[in-house]
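The values are calculated or read from the model by the stated rules, or taken from the named source; none is laboratory data. This one's a predicted model, so the numbers in the text were calculated from it and none came from an experiment. Here the Cβ positions follow ideal geometry from the backbone for every residue, glycine too, while neighbour counts run over all protein chains shown. The accessibility values were calculated without ligands, DNA or RNA, using every heavy atom of the protein model including side chains. Shrake-Rupley method; radii C 1.70, N 1.55, O 1.52, S 1.80 Å.
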Amino acid sequence: MAELSRDRVIEALKGIRGPDLDGNIVDLGMVSDVFISDGKVYFSINVPAERAQELEPLRQAAERTVKALPGVNGAVVSLTAERKQGSTPPPPRPQPAAPTHSHGHSHGPAKSGPQRTKAGVPGIEAIIAVASGKGGVGKSTTAVNLALAMKANGLRVGILDADVYGPSMPRLLGITGRPQQIENRIIVPMENYGIKVMSMGFLVDEGTAMIWRGPMVQSALMQMLREVAWGDLDVLVVDMPPGTGDAQLTMAQQVPLSGAVIVSTPQDLALIDARKGLNMFNKVEVPVLGIVENMSYFIAPDTGNRYDIFGHGGARAEAEKIGVPFLGEVPLTISIRETSDAGTPVVVSEPDGPQAKIYRDIATKAWEQVKARSGRAAPAIVFE
C-alpha cells in the first residue's frame, strides 16, 4: 500500500472538476496547502465569496475523494474566499447588477449577492475574544480562568482555542483524548469543569509543528467554530493567538464577536503591542469590552511583601487614556502558575481564594459590557 502523502492527495484532487468545467481544482489554483496529521487531511478550496453556498457540492466531492484514499482517517475541508498569491480561480458567473460597496443595497436575488452580515452560531448568545498584542502575557491563562469564572457566575460557557499554532487548552483544562464526530461532520466538543472545549490540540499531537498559511488557519478556525455541537451557550470565550495576524482577522471579519478583552502586562513594551490589538478591533468595528492587567504585582508567599516586578497600573492608565473599561488587575502568583500547569485552573481549584474572586469580578464586568452592547447591530463585512 502506498504511503499517504500530500502528493497522493493532490493527485486525487485533480479528478475534481472546477465549478465551470475549465479544468480541475488543482490546476486552477483553488486548493490550499495540504496538511496531514495522524491520517487526517486538512485543506481548503478557494472560491469567490459570493459563490460559497453554490459551490458546497464541490467541497463535498473533494472531501469524499480524499476520504476514499487508503490510510485516510478523516478529512477537514472548507471553502475559503481568500485567494492564494498568484492563483487565478474561475470568475464568478454573471449576477444581476447590484452595488457591492458597504453602503449599497442589492436588488438582485438574496442568495446571489455577497454575504452582508456575519452569520451567528446557532445556540450561542455571545462570543468574546480574549486577545493580546504579543505572547508571554498570560492570555491563555486569563482566557481559561475568565471562562471558568463566567461558569461560576451562572452562565453556560464554552471555550474555543483559536491559537492554532500553539493550542494550550487541553493542558490548561486537563483534557486528553480526541473528540468524536457525528453525522454531517459535526464534532462533539470535549468537556471539563462544566464548560465545553474545542482545540486543535485535540486533533494533533502536542509536539506537532503547525506550519499553516492564512487560508488553512481560516479553514480550521471556521470548522472548529461552526461544525461543533456547542449546544445552547450564553457565551463562547475564544482564546486568540497573540498578535494581529490571520486568525484574529478571520475571527473579527467572519464571526459576530460581541466584543474583545485585551490582556496586557503593566510595562510599556507590552502596552505598545496591546494598542495594536485595540486598533485592529476598532478598525473592524468589534467593541473592546475592556483591558485586563495581568502579572500586575507579586506578593511574596513567605513575607507577604508586594513587588511591582513589571511596573504597575500601566494597563489601567491606557484604558483611561483610550476610553475603554478597565476590567481588573491579576497578580503574579505561584498558585496561578501551578494550577494552570496541572490542568486545574485556580478558579476551580481554589474557588474561594483571592485570585478566583478577581477573575469572577473581571467576568462580571465583561459580561455587563456584553449585555450593555447587545442591542447594537453587528457591522457588515463585504468582500470587495
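Structural remarks
- Ranking LYS67, LYS321 by solvent-accessible area of protein heavy atoms (1.4 Å probe, all protein chains present), from largest to smallest, gives LYS321, LYS67.
- Whether region 157-206 is rounded, prolate or oblate, judged on the alpha carbon gyration tensor where a/c under 1.5 counts as rounded: oblate
- Overall shape: oblate for region 295-351, with the ratio a/c of the largest to smallest alpha carbon gyration tensor axis at 1.5 or above and b/c at least equal to a/b.
- Subtracting the Cα-Cα distance of ARG373 and LYS276 from their residue separation scaled by 0.36 nm leaves 32.7 nm.
- Extension reserve of the THR176-LYS40 stretch, reckoned as 0.36 nm per residue once the Cα distance is removed: 47.1 nm
- Note on GLU285: accessible area approximately 130 square angstrom, rounded to 10, probe 1.4 Å, nucleic acids and ligands left out.
- Under the simplified labelling scheme, the ASP20-ARG337 pair shows an inter-label distance of 5.9 nm, with each label point 7 Å from Cα along Cα→Cβ.
- Note on exposure: LYS283, LYS139, LYS40, LYS14 ranked by accessible area (1.4 Å probe, complete protein assembly) read LYS283, LYS14, LYS40, LYS139, with the most exposed listed first.
- Taking other residues whose beta carbon is less than 10 angstrom from the beta carbon of ARG185, and scoring Lys, Arg as +1 and Asp, Glu as -1, yields -3.
- Global form of region 24-67, assessed from the alpha-carbon gyration tensor, a/c cut-off 1.5: prolate
- Full-extension gain in nm, ASN184 to ASN305, via 0.36 nm per residue minus C-alpha separation: 37.9 nm
- Placing a label point 7 Å from the Cα of ASP232 along the Cα-to-Cβ direction, the residues of region 131-165 whose backbone N falls under 17 Å from that point are 154-158.
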